[in-house]
Amino acid sequence: MTSPSRALTRVEAQTRAALVRVGGYAVSLDVTDPATYVSRTVVDFACASPGAATFVEMKDVRPERILLNGRPLDPATLDGNRLPLPGLRAANRLEVTFSADYSRTGEGLHRSVDPEDGEVYLYGQAPLDEAQRIFACFDQPDLKAPVTLTVTAPPQWTVHGNAPLRQAGDGVWAFEPTPPIAPYLFTVLAGPWHVRTAEHDGIPLGLLCRRSLAPHLDADAGELFAATAANLDRYHELFGVRYAFGKYDQAFIPDFPGGAVENPGLVTFKEEFLFRTVATDYDRLRRFVVMAHELAHMWFGNLVTLRWWDDIWLNEAFAELMGWRVAAETGRHPGAAADFAAWRERWGMLADRRPSTHPVAPDDVADTAAAFLNFDGISYAKGAAALRQLSALLGDDVFLAGLRAYFERFRFGNAGLADFLAVLGSVAGTDLDGWADLWLRSTGFNTLRPLPGPSGLTVEQTGAPLRPHRFRITVYDSHGARVRDAPVILDGGSVAVDGRSGLPPGGVLLVDDTYAKVLLDPASLAALPSVLPAIADPHARALLWTAAMDAAGEGELSPEAFLTLLEAALAGEAETSVLVEVLAYARDDLARRGLVDFGPLAAICAAALSAAAPGSGRQVALATALTTVAGPPHVPTLADWLAPTPVSVLTGVAAPASSPLLPAPTGAAGLVVSQDLRWDALARLAALGAASASDVTAESRRDPGSRGAEKAARCHAALPDADAKAEAWEMIVREERAGVAMAAAAGFWQHGQEELTDPYVERFFADAPAMVSGRYQLFAKLIVRQAFPRYAGRSRRLASVMLAERSLDPILRREVGDAAAELSFGPGVENGGRRSTR
Ligand SMILES: [Zn+2]
């Protein structure tokens, strides 16, 4: 085929949606051949203007036989990914047979070989417009239709689809028709899957993984089924509409791109969510939240589907909001709100500072290719925070009543933001357009500053536009005890909270639960090191940590004072996820910018590690954190973890000479050294020149899977060696396995290796177009972002030259523009300091 595939534009989608109604797809796949598959689709559809023409999509396939209303169409008329359908009748039947090669890059029908036992696994990945690789379809979200799937596969396999199995035998699996679904939500799995089943509330449940991971799935099956059951119950209570897709399977997939996909009835997850060793509490929290997020999509996205990709945020923000909400409400993860505050909201605010920031509800998603760019912190985290504000504004009961009305009204159909606001507004008896303009159709965030004074407390808001905020303000005394709290309604530039004097001596003021940068008053900031660790509420502590990070970013808290706070409060921070985020901030925004030394940071981390409970997930998390900041004094510790029989007591580790802060760590008894921790330790040793290429090769033999290949690529890229850098760069630019390319990029740029990596600053800008070309967009942008050189002045200059090119690829425009701008974020970057490199 000669002409390239084209992304569907919004105008084309609107035109086609006005013309076509799809009655249903019958899809037959033959996956018995190891190199190619054969797809036969029969689609019945109505045309509103008989005589008119439209087109159907199929991407990177070899059409063999096409019949429209019984008459053959010439396969040579396929133009890129579009087959013209001329002369339509009121009722039409299209029959398409094509063959195609399996994907090796994660989109369409992917074929994966298990390196541990040689077994083959197939999975379908349709978002956003890859269903057309698997079957001929009208590939847009508002042409929903039932899909009836039949698969011919090797008889020793099992096959799984969106719908329940109707019958199986002689290597043929036939499924029930699905309810109406959008093409992007189609999936199919085939292979010798390990399957566990259960049932809850009349809903059949399944868990799947490749056979060689069966022991890990079996070990966690109880927790996974219990979590699913708890979430189904809670969503049934909240949404008032039952789960609509029959059975509910959750599959852990090898070589999986991204985190998870919400295919109705058969959710696919990356298999790293199956823990192979001791998991931290935040590993479990975050897996729970992803499971809850995908289940929420069964309502937001699958039952009621967006019309066009400009509303992708409505899907994602709701799923995001619900994921964290039910994690806490089901009682399974009480610290969930702290994780959302310290991790996700900060992600949203970072995205909101970048040049690429956009309204939560954008109106300029011109085609499907552009839609990919909006899977970001704005659509997910800021969107979720905005919806939480909407719930606070209306009252949660009214908000939920509005949701129930929305699901009832648009069940199995499509809806957009205007529909959503109209339904909620009518239930609440108010017009929400003004609210939506401020929260959803504008960019940026506000800054809130509480000002305690002798006659009371005022909260000031700055930043345009000023938004309505609903939050609580809480006062803690010098012992961390809550003195009082009050709900606050802020609808303008400032609000007086109460008439009493603001702050007890040595106390702290906290602004809670809105999306804004909150700057603490100087007295609260000064009291943080003693008050923060004494506060019992994990969410309040997370918000104070966030405020401290913001204060450091604004220059209101010096980098040294931030380290003092870390030293005072880190070891006592019970929420592992919060502790990990705070350490990551100190590493990335302070140490890597040269504002503090790595030595004291590593010493603080090692001290917290030595205080962690033996054998705990927290101990693993702190050990992992230590591998990201460790210097020469910690080489023996890291090497110890890699010893053939890992020694579980830290020995012989002296605090770095540059650290006056802490005594030498005394021990980490009972530390469980997982394969992941081994790789992290090896990566650091490699970067420090304390491990060799042959050490990396030896470790690969212990961990031969696809994840091991990625970890090895990262370690190899980190070696302070010109040949290793050259090989890693080749991988970043050309490696077919995106996960491996991403890992090589993650290991490539290392603090202290500037002489070696210096030539690659220019190389990045020369090679960036090749990094995105031919790669799945979702990966391409991550690879570019990881590979971007953070050499402040030079990177910014070269980036501005690149950004001046008119025909620049949109992924490069966004990622390079954002990465260059981020070099200027953070405290004091432009004036002084040793901050020329990462
Ligand atoms: Zn989602």
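The values are calculated or read from the model by the stated rules, or taken from the named source; none is laboratory data. From a predicted model like this one, the values you see are computed outputs, not experimental measurements. Using ideal geometry, Cβ is built from the backbone for each residue, glycine included, and neighbour counts are taken over all protein chains shown. What goes into the accessible areas is simple: the full protein's heavy atoms, side chains included, and nothing from ligands, DNA or RNA. Shrake-Rupley method; radii C 1.70, N 1.55, O 1.52, S 1.80 Å.
Once the range 552-607 is represented by equal point scatterers at the alpha-carbon sites, with solvent omitted, what log10 I(q)/I(0) does the Debye formula produce at q = 0.21, 0.24, 0.29, 0.31 Å⁻¹?
Here log10 of I(q) over I(0) equals -0.74, -0.97, -1.35, -1.46.
Percent of alpha carbon pairs in the range 215-302 separated by more than 19 Å?
Value for the range 215-302: 36 percent of Cα pairs lie more than 19 Å apart.
Among Thr77, Ala52, Leu94, flag the residue with its Cα farthest along the positive direction of the charge dipole of the range 45-122, charges on Cβ as +1 for Lys/Arg and -1 for Asp/Glu.
Final value for the positive-end residue is Ala52.
Taking the Cα atoms of the range 91-242, what is the range of coordinates along each of the three principal axes, in descending order and whole Å?
The Cα atoms of the range 91-242 stretch 45, 45, 31 Å along their principal axes.
Excluding Ala766 itself, calculate the net charge of residues whose Cβ lies under 15 Å from the Cβ of Ala766, where each Lys or Arg counts +1 and each Asp or Glu counts -1.
Surrounding charge for Ala766 is -2.
Hey, if we sort Met322, Met349 by accessible area with the 1.4 Å probe, largest down, what's the order? Spell out each step's value before the answer.
Values: Met322 0, Met349 25 Å².
Most to least solvent-accessible, the answer reads Met349, Met322.
At 0.36 nm per residue, minus the direct Cα-Cα distance, what do Ser356 and Arg482 gain on full extension? Give it in nm, one decimal, please. Walk me through the numbers before you get to the answer.
Values: separation 126, 0.36 × 126 = 45.36 nm, distance 4.00 nm.
So the extension gain works out to 41.4 nm.
Over all Cα pairs of the range 378-439, how is the pair count split among 10 Å bins, expressed in % and running from 0 up to the last occupied bin?
Distribution as computed: 22, 56, 22, 0 percent.
In a shell of Cβ-Cβ distance under 13 Å around His634, excluding His634 itself, what net charge do Lys and Arg (+1) and Asp and Glu (-1) give?
Values: positive: Arg684; negative: Asp640, Asp680.
So the environment of His634 carries a net charge of -1.
Looking at Ala338, Met349, Ala369, which one has the Cα that reaches farthest to the positive end of the dipole of the range 336-386 (charges on Cβ: Lys, Arg +1; Asp, Glu -1)?
Ala338
Suppose all protein chains stay in the model; what accessible area per residue would a 1.4 Å probe give for the chain, in Å²?
That works out to 35 Å² for each residue.
Percent relative contact order of the chain, based on C-alpha pairs within less than 8 angstrom and at least six residues apart?
8 percent
Quick check on the range 152-244: what does the Kirkwood estimate of hydrodynamic radius come out to from the alpha carbon pairs, in Å?
Working: mean 1/r = 0.0661 Å⁻¹.
Computed over Cα pairs of the range 152-244, the Kirkwood hydrodynamic radius comes out at 15.1 Å.
Roughly how many percent of the accessible protein surface of the chain is carbon and sulfur, given a 1.4 Å probe and a whole-percent answer?
The nonpolar share, carbon plus sulfur, comes to 53 percent.
Beyond 17 Å, what share of the Cα-Cα pairs of the range 470-610 is found? Please give it as a whole percent.
Beyond 17 Å sits 60 percent of the P(r) for the range 470-610.
Apply the Kirkwood formula to the range 581-633: the hydrodynamic radius equals the inverse of the mean of 1/r over all pairs of different alpha-carbon atoms; give it in Å with one decimal.
11.2 Å
What whole-number volume per residue, in cubic angstrom, does the convex hull of the C-alpha atoms of the range 361-464 give?
Working: hull volume 14.0 nm³, N = 104.
For the range 361-464, the hull spanned by Cα atoms encloses 134 Å³ per residue.
Roughly how large, in nm² to one decimal, is the mean projection of the convex hull of the alpha-carbon atoms in the range 751-811?
Values: hull surface 17.7 nm².
Average of the hull's projected areas for the range 751-811 equals 4.4 nm².
Taking 0.36 nm per residue of separation and subtracting the Cα-Cα distance, what length does fully extending Ala90 through Arg65 add?
Numbers: separation 25, 0.36 × 25 = 9.00 nm, distance 2.28 nm.
Extra length from Ala90 to Arg65 when fully extended: 6.7 nm.
Under 5 Å between amide hydrogens, which residues at least 5 positions from Thr458 or on another chain qualify, with H placed 1.01 Å from N in the peptide plane?
Leu451, Gly453, Val497
Dipole of the chain, Cα-centred, from +1 at each Lys and Arg C-beta and -1 at each Asp and Glu C-beta, to the nearest 20 debye?
Details: 78 positive and 100 negative charges, 130 e Å.
Taking the Cα centre of the chain as origin, the dipole is about 620 debye.
For the pair Glu560 and Glu805, how long in nm is the line joining their label points, each one 7 Å along Cα→Cβ?
Spacing of the two 7 Å Cα→Cβ label points: 4.6 nm.
For Arg166 and Ala52, what does the FRET efficiency come to when R0 = 51 Å and r is the distance between their Cβ atoms, rounded to the nearest 0.05?
0.90
What percent does the relative contact order of the range 249-365 come to when contacts are Cα pairs within less than 8 Å and at least six residues apart?
Details: 112 pairs, mean separation 23.1, N = 117.
Relative contact order here is 20 percent.
Just flag the chymotrypsin sites (Phe, Trp or Tyr not before Pro) in the range 470-579 sitting in loop per DSSP whose Cβ has no more than 14 other Cβ atoms within 10 Å.
Passing sites in the range 470-579 do not exist.
Show me, for the range 196-208, the HN-Hα J-couplings you get by feeding each phi into the Karplus relation (A = 6.51, B = -1.76, C = 1.60, θ = phi - 60°), rounded to Hz, glycine and proline as x.
10, 10, 7, 8, 9, 6, x, 9, x, 10, x, 10, 9
Can you work out the Karplus-derived ³J(HN,Hα) for every residue in the range 144-153? Use 6.51 cos²θ - 1.76 cosθ + 1.60 with θ = phi - 60°, whole Hz, and x for glycine or proline.
8, 7, x, 10, 10, 10, 10, 10, 9, 9
For the Cα atoms of the chain, what angle does the longest principal axis make with the long axis of helix 576-585, in degrees from 0 to 90, nearest 10?
The answer is roughly 80 degrees.
Averaging over all projection directions, find the projected area of the Cα convex hull of the range 226-385 and quote it in nm² with one decimal place.
The directionally averaged projection comes out at 9.9 nm².
When only alpha-carbon atoms count, how far does the range 446-549 stretch along each of its three principal axes, as whole angstroms with the largest first?
Largest first, the range 446-549 extends 36, 28, 21 Å along its Cα principal axes.
How big, in percent, is the set of alpha carbon pairs in the range 681-754 lying more than 14 Å apart?
Cα-Cα pairs of the range 681-754 separated by over 14 Å account for 53 percent.
Short version: ³J(HN,Hα) in whole Hz for each residue of the range 356-372, in order, from phi by Karplus 6.51 cos²θ - 1.76 cosθ + 1.60 (θ = phi - 60°), x for Gly and Pro, what are they?
7, 4, 8, x, 3, 9, x, 10, 10, 7, 6, 8, 4, 4, 5, 4, 4
Along its principal axes, what span do the Cα atoms of the range 705-803 show, with the longest given first and each in whole Å?
40, 31, 17
Based on the Kirkwood radius over alpha-carbon pairs, what value in µm²/s does the Stokes-Einstein equation return for the translational diffusion coefficient of the chain at 10 °C and 1.306 mPa s?
Rounded, D is 56 µm²/s.
Over the Cα atoms of the range 30-151, what radius of gyration and what Dmax do you get, in Å?
15.6, 56
Once the dipole of the range 516-595 is set up with Lys and Arg at +1 and Asp and Glu at -1 on Cβ about the Cα centre, which of Val518, Pro538, Val580 lies farthest towards its positive end?
Val580
Scan around Thr54 for amide H atoms under 5 Å from its own, H built in the peptide plane at 1.01 Å from N, and keep only partners 5 or more places away or cross-chain.
Correct list: Leu85.
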